[in-house]
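The values are calculated or read from the model by the stated rules, or taken from the named source; none is laboratory data. Treat the numbers as computed from the prediction; the structure is a model and nothing was measured. We place every Cβ from the backbone using ideal geometry, glycine too, and count neighbours over all the protein chains shown. Calculation scope for accessible area: heavy atoms of the full protein, side chains included, ligands and nucleic acids excluded. Shrake-Rupley method; radii C 1.70, N 1.55, O 1.52, S 1.80 Å.
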Amino acid sequence: MVIYSHDTASFDVDPQCGFTPLCPNELPVADGDAIVAELNGQAGFARLRVVSKDCHPAQAPWIAECGEEILQPVAGDYPDLDVKWPSHCVVGTKGNQLIPGLPQEQDYDLVVEKGQDPHMHPYGACFHDLGEKKTTGAIEWLRDNGIATILVGGLATDYCVKTTALQLVRNGFKVVVNLAACRGVAAQTTEAAIVEMRQAGIVVIADSRELEAA
Ligand code: VGL
């Protein structure tokens with residue numbers, strides 16, 4: 001597909017060590033650290049490059065204390081928490097850092113931080129809350145900068161990438177998800193995510209060789 005870089009941004013969703021085998025005690029996605037070359041490749045088609053980061057506290061009601069708790073519902077009245085996850089991407093730890101080989105944070109055009117509040121565990125990078133009322137500012141920033149098309153990759157395909165891509169397409173952007181720049185937590189949910197994204201009008205490509213500069 002033909003990409004016009006002047007109105008295109010690339011969006012690296014949570015490409016953090018905590019979602020890779022570099023941090024085996026967090027939320028390691030198989031081959032999660034193998035996405036770097038494709039993220040850097042797709043960015044070559046874009047004028048602006050955005051990264052989002054999970055920036056979690058060390059303690060929160062959504063943190064699973066043992067393996068059995070993972071994916072169990074969070075008890076109590078927390079509208080912005082759904083299920084429990086292992087602790088990951090805690091601010092100040094290795095898990096919070098970007099995967100080696102990506103740009104330094106200051107070299108991105110925008111860094112979106114999410115998940116700081118222990119009572120919120122958002123997946124998408126565009127809103128801090130699951131109800132999508134509290135913007136992170138990403139949508140507004142992309143619009144203000146004249147962006148129409150967004151090339152998306154990151155971790156994980158079936159959670160944060162999917163939700164971010166859906167938020168962007170619902171807000172009027174043309175969205176391209178590059179599968180070679182993503183990895184998923186589980187095969188079944190990843191397949192379902194690809195179907196859901198396509199149904200929402202997102203273009204899903206195998207790798208950045210499908211992109212052609214205009
Ligand atoms: C993610 C599960 C829990 C993700 C974050 O980045 O996809 N998945 N927290």
Search segment 96-119 for residues that are basic (Lys, Arg) and pair each with any residue that is modelled with pLDDT of 95 or more and assigned to a loop (DSSP other than H, G, I, E, B) when their beta-carbon atoms are under 7 Å apart and the residues are at least 6 apart or on different chains.
Lys114/Cys55; Lys114/Pro122; Lys114/Ala125; Lys114/His128; Lys114/Thr136
Determine whether Gly153 is in contact (Cβ under 8 Å) with a residue 60 or more places away in the chain and surrounded by fewer than 16 Cβ atoms within 10 Å (Cβ to Cβ).
no
Which number in (1) farther than 19 Å from Ala187 by Cα; (2) crowded, with 24+ Cβ neighbours inside 10 Å; (3) within 14 Å of the ligand (Cβ to nearest atom) marks the one condition that Thr20 misses?
(1)
Extreme residue, nearest to the ligand (Cβ to nearest atom), among residues of segment 62-83 that are open to solvent by less than 40 Å² (accessible area, probe 1.4 Å) and part of a loop (DSSP other than H, G, I, E, B):
Trp62
Working carefully through the options Ala148, Ala156, find the one that is at pLDDT 95 or above, closer than 25 Å to Asn96 by Cα and in contact with a strand residue (DSSP E or B) (Cβ under 9 Å, 6 or more places away or on another chain).
Ala156
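Please verify whether Thr189 is within 14 Å of the ligand (Cβ to nearest atom), within 23 Å of Glu26 (Cα to Cα) and crowded, with 21+ Cβ neighbours inside 10 Å, treating the condition exactly as stated.
The answer is no for Thr189.
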Does Gly131 satisfy the condition of being assigned to a loop (DSSP other than H, G, I, E, B), at positive phi and surrounded by fewer than 15 Cβ atoms within 10 Å (Cβ to Cβ)?
no
Would you tally the residues in segment 37-49 being open to solvent by less than 20 Å² (accessible area, probe 1.4 Å) and closer than 16 Å to Ala156 by Cα?
1
Need pairs with beta-carbon distance below 6 Å; first residue closer than 18 Å to Pro86 by Cα and within segment 29-40, second among the hydrophobic types (A, V, I, L, M, F, W, C) and at pLDDT 95 or above; sequence gap 6+ or separate chains.
Val29/Phe19; Val29/Leu155; Val29/Ala156; Val29/Val185; Gly32/Phe19; Gly32/Leu155
Residue list for segment 1-42, filter: closer than 19 Å to Asp144 by Cα and part of a helix (DSSP H, G or I)
Ser5, His6, Asp7
